[in-house]
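Enquirer: Sending over a structure as structure tokens; questions will come in a sec.
The values are calculated or read from the model by the stated rules, or taken from the named source; none is laboratory data. Since the structure is predicted, the reported quantities are computational estimates derived from the model, not experimental observations. With ideal geometry, Cβ positions are generated from the backbone for all residues, glycine too; neighbour counts draw on all protein chains shown. We work out accessible area using only protein heavy atoms, side chains counted, and drop any ligands, DNA or RNA first. Shrake-Rupley method; radii C 1.70, N 1.55, O 1.52, S 1.80 Å.
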Amino acid sequence: MAAGIDDIAIYIPGLYLDAADFAAARGLDPVKLQKGLGVSQMAIVDANQDPACLAANACHRIMERNGLSPADIGRLYVSTESSFDESKAMNSYVVGMLEQVYGQGTFEHCGGVETKFACVSGSYALYDNTNWIRAGESDGKSALVVVSDIAKYDLGSSGEMTQGAGAVAMLLNDEPRLLAFDPRVTATSIKDEYDFYRPFGKETPIVHGQYSNLLYMIQVRKALELYKENVARTGLIKIGPEETILDHMDYINMHLPYSNMGKKALAYLVRHEWRQLPRWSAILEAVGMEEPVPGEGGGTIEAVLADGEFMARDHEFTRSFSQTEQFRQIYESKLASSLVASSMIGNLYTASLYLGFRSSLEFEFKKGADLAGKRVGFGSYGSGSSAMVFSGVIQPGYADVVRGMDLEAEIGPRRRLTWGEYEKLHENVLDPSEAAGPQGTGFVLVDVKTESESRGERRYAFVE
Ligand code: COA
């Protein structure tokens, strides 16, 4: 039985910090953000928004657009790493908000949980719900998987230039118009790590950024190795003697903590895949240098990062490799369209891979590409750490959905924050009633109770 993504809706807050304003305030070269990281704007939540209302707004959009009622939805999962409650699941908050519109008790039948594993948990939620459908448990109902996050780092930290916020809702069913997941090939890797984590009570993460970037690429490569074994075992893809698995993926979507990380990760995977092939000698000739290898003691990530000589040479190699005609071709044709939305919105943690997929569909379609039957590979990563590699095939009915995609219209009107407004929002000094707008329709946070017996209870309203 086919199972996969039928439609995707996004909800992005209407406030943003411009990369040029950020660079000026922090005394940075604006080119570092725009070209070095691929960050142009970062979406910032208003004083009356939290990750639950971002998620509810994305759900409401996808339900309205598809004329769905709560009776059509059998499961509602929310994946996030911005949770504000250690016990009550975020999907419960979302159900509460949706029932303000669809009626009290209308989602009573609808099970689900909040999932957590940094940025990868949405991929696990998609996998579990796809299997719920494949197993015939859905009984004709759809599942909603919503990935929602606020990527917020300490003021003045190196992560601050990679912030963002938003939610992506995905509708899953057994006749998906967009993408049917390939069965029995999904591959995972997992390792206990402290590259990025957020202890109880802390609003912002503790981040070892360069360590995390390298770990991300290593973990995805490990999952890719397992994915290759899975496609060989199941016979899904036959890889010819001078081919790699990447030749069989028409599009590749990577986790995007910032837009350029997708390109870095792709270059890492392509190098790894091409190294054993006859084509590699032509690449080395074009690059003009041998591929560097880590020095003595290069077995750990710490040792690799501490090996300044290797890092400098590897950086030089990657830069030249990324400029080769062969890499540019794979980058432009398989990845580039997925990066457009990220540079306009910023990091969405769990949602960034799926915002990238949404971006790829829209901008490839606008180029005039026929996407039907194309295989999409996904490289998902969550710190702490786990990676997931999986794939799917774009379905014949995709154009009915993708034709209507318009990123700017779906983001809606936005307002550029002043630096002073940004700092106030970041430090949470504003009450929800002091929201800066633009105030469109949708769910907003009204207040959070502070009395001891009801501390933390949140009230939301739907603004018509
Ligand atoms: N002009 C153009 N490019 C510039 C530049 C300039 N003036 N200054 C730096 N750059 C480039 C660098 O070469 C680098 O590119 P590369 O990655 O292709 O080498 C890029 O800009 C970033 O610069 P770098 O010095 O590596 O930045 P940093 O160490 O200050 O911080 C991060 C970058 C990403 C590590 C940091 O922002 C971070 O930790 N972000 C959070 C990451 C995260 O969320 N991880 C979660 C797990 S995936």
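Enquirer: Just to be sure before I move on: is residue 263 out of contact with any strand residue (DSSP E or B) (no Cβ under 8 Å at 6 or more places or on another chain) and more than 30 Å from residue 68 (Cβ to Cβ) in the structure I sent? Let's see the steps before the verdict.
Expert: Details: out of contact with any strand residue (DSSP E or B) (no Cβ under 8 Å at 6 or more places or on another chain): yes; more than 30 Å from residue 68 (Cβ to Cβ): yes.
Here the answer is yes, as residue 263 does meet what is asked.
Enquirer: Continuing with this model, one more query. Need the failing condition index for residue 299 against (1) open to solvent by 60 Å² or more (accessible area, probe 1.4 Å); (2) within 16 Å of the ligand (Cβ to nearest atom), just the number.
Expert: If we test residue 299 against (1) open to solvent by 60 Å² or more (accessible area, probe 1.4 Å); (2) within 16 Å of the ligand (Cβ to nearest atom), just (2) comes out false.
Conditions (1) open to solvent by 10 Å² or more (accessible area, probe 1.4 Å); (2) of a type in the set (A, V, I, L, M, F, W, C), marked per residue:
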| residue | (1), (2) |
| --- | --- |
| 332 | yes, no |
| 335 | no, yes |
| 353 | no, yes |
| 369 | yes, yes |
| 377 | no, no |
| 380 | no, no |
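Enquirer: Which residues, counting only those in segment 42-60, are assigned to a helix (DSSP H, G or I) and either in contact with a Pro (Cβ under 9 Å, 6 or more places away or on another chain) or among the small types (Gly, Ala, Ser) (or both)?
Expert: If the condition is that a residue be assigned to a helix (DSSP H, G or I) and either in contact with a Pro (Cβ under 9 Å, 6 or more places away or on another chain) or among the small types (Gly, Ala, Ser) (or both), then 52, 54, 55, 56, 58 are the ones that fit.
Table: residues versus (1) open to solvent by less than 10 Å² (accessible area, probe 1.4 Å); (2) over 19 Å from the mean Cα position of the chain (by Cα); (3) of a type in the set (Ser, Thr, Tyr).
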{"site": "308", "(1), (2), (3)": "no, yes, no"}
{"site": "318", "(1), (2), (3)": "no, yes, yes"}
{"site": "345", "(1), (2), (3)": "yes, no, no"}
{"site": "359", "(1), (2), (3)": "yes, no, yes"}
{"site": "362", "(1), (2), (3)": "yes, no, no"}
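Enquirer: Mind checking whether some residue in segment 209-224 is in contact with a Phe, Trp or Tyr (Cβ under 6 Å, 6 or more places away or on another chain) and more than 14 Å from the ligand (Cβ to nearest atom)?
Expert: no
Enquirer: Taking the condition open to solvent by 40 Å² or more (accessible area, probe 1.4 Å), away from the ligand (no atom under 16 Å from the Cβ), not in a loop (DSSP other than H, G, I, E, B) and not hydrophobic (A, V, I, L, M, F, W, C), does residue 104 pass?
Expert: On the way: open to solvent by 40 Å² or more (accessible area, probe 1.4 Å): yes; away from the ligand (no atom under 16 Å from the Cβ): yes; not in a loop (DSSP other than H, G, I, E, B): no; not hydrophobic (A, V, I, L, M, F, W, C): yes.
Taking the combined requirement at face value, the residue does not satisfy it.
Enquirer: What number of residues within segment 246-259 satisfy the criterion of being touching a residue at least 12 places away in the same chain (Cβ under 8 Å), open to solvent by 20 Å² or more (accessible area, probe 1.4 Å) and more than 16 Å from the ligand (Cβ to nearest atom)? Let's see the steps before the verdict.
Expert: Restricting attention to segment 246-259, the residues satisfying the condition of being touching a residue at least 12 places away in the same chain (Cβ under 8 Å) are 246, 248-259.
Subset that is open to solvent by 20 Å² or more (accessible area, probe 1.4 Å): 248, 250, 257-258.
In the following step, the residues that additionally are more than 16 Å from the ligand (Cβ to nearest atom) were identified as 248, 250.
Result for segment 246-259: 2.
Enquirer: Being of a type in the set (Gly, Ala, Ser), open to solvent by less than 60 Å² (accessible area, probe 1.4 Å) and on the phi < 0 side of the Ramachandran plot is the filter; apply it to segment 418-446 and report the residue that is farthest from the chain's Cα centre (by Cα). Spell out the reasoning first.
Expert: Here is the first cut: in segment 418-446, the residues of a type in the set (Gly, Ala, Ser) are 420, 433, 435-437, 440, 442.
Right, trim to open to solvent by less than 60 Å² (accessible area, probe 1.4 Å) and you get 420, 435-437, 440, 442.
Of the ones still in play, those that are also on the phi < 0 side of the Ramachandran plot are 420, 435-436, 440.
Details: 420: 29, 435: 26, 436: 26, 440: 24 Å.
Restricting to residues being of a type in the set (Gly, Ala, Ser), open to solvent by less than 60 Å² (accessible area, probe 1.4 Å) and on the phi < 0 side of the Ramachandran plot, the top hit is 420.
Enquirer: Let me ask something else about it. Please count how many residues of segment 447-461 are open to solvent by 50 Å² or more (accessible area, probe 1.4 Å) and either more than 26 Å from residue 205 (Cα to Cα) or of a type in the set (Lys, Arg) (or both).
Expert: 7
Enquirer: Go through segment 3-22 and give me each residue that's assigned to a helix (DSSP H, G or I) and open to solvent by less than 10 Å² (accessible area, probe 1.4 Å).
Expert: In the first step, residues of segment 3-22 are kept if they are assigned to a helix (DSSP H, G or I); the result is 19-22.
Passing the criteria: 19, 22.
Enquirer: Name the residues in segment 61-85 that are open to solvent by 30 Å² or more (accessible area, probe 1.4 Å), more than 18 Å from residue 122 (Cβ to Cβ) and either modelled with pLDDT under 95 or assigned to a helix (DSSP H, G or I) (or both), would you?
Expert: 64, 65, 71, 72
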